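A short reminder: the numbers here are calculations on the coordinates, not readings from a lab. As the structure is a computational prediction, the values presented were derived from the model and not from experiment. Don't worry about glycine lacking a Cβ; one is built from the backbone with ideal geometry, like all the others, and counts go over all protein chains shown.
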Amino acid sequence: MGKINRFEDIIAWQKSRELNKFIYEATLKHPFVKDFALVDQVRRSSISILSNIAEGFERKGVQEFIQFLNIAKASCAELRAQLYVASDLEYISIENGKELIEKATDISKMISGLIKYLEGNKLDGHKFHEPEEEYGDNKLGQQLFNFQTFQHSN
């Protein structure tokens, strides 16, 4: 695995993107698709996870990134709550609901780990150096690489 220079390199973002696809597939099925309000809420929650990871990464500082990661984590909880409702209403099977909830829980744990890692490795000033390439080489990218390498080795 290379250094993280873009939000697309963050595993939690990649997993959120996958989850979003599963959410859209689940919400297109009958009878779920007919509950326009719940479908809209579930999709918005799912989209919010990957969007906030991306937006936070592109912000100037680590504190802002942590703030957006906290929002993404909260969106994971919101999504899980909505999936319980969908399961209770039998819009999705119990098995499918458990699988989607587990995926959202795993993403939430990844985000929590990333937040703790970033809080323990505060960077002074801005998180980015002047770009050397499209996104450049940055301290935060190296820290994220170190964090994800650590996560995979355990």
- Query: Does any residue of region 10-31 turn out to be of a type in the set (S, T, N, Q), more than 14 Å from Y91 (Cα to Cα) and touching an Asp or Glu at 6+ places or on another chain (Cβ under 8 Å)?
  - Reply: yes
- For region 25-46, indicate whether the set of residues that are over 18 Å from N96 (Cα atoms) and either surrounded by 20 or more Cβ atoms within 10 Å (Cβ to Cβ) or under 10 Å from the mean Cα position of the chain (by Cα) (or both) is non-empty. no
Here the qualifying pairs (Cβ atoms under 8 Å; residues six or more apart or on different chains; first in region 61-75 and closer than 15 Å to M110 by Cβ; second in a loop (DSSP other than H, G, I, E, B) and not hydrophobic (A, V, I, L, M, F, W, C)) come out as F65/R59; F65/K127; F68/R59
Expected output for region 106-119 (first residue free of Cβ contacts under 8 Å to residues at least 40 places away in the same chain and polar (S, T, N, Q), partner assigned to a helix (DSSP H, G or I) and surrounded by 17 or more Cβ atoms within 10 Å (Cβ to Cβ), Cβ below 6 Å, 6+ apart or cross-chain) is S108/K73; S108/C76
By residue number, the members of region 53-103 that are among the aliphatic types (A, V, I, L, M), surrounded by fewer than 17 Cβ atoms within 10 Å (Cβ to Cβ) and closer than 20 Å to L28 by Cβ are V85, L89, I94
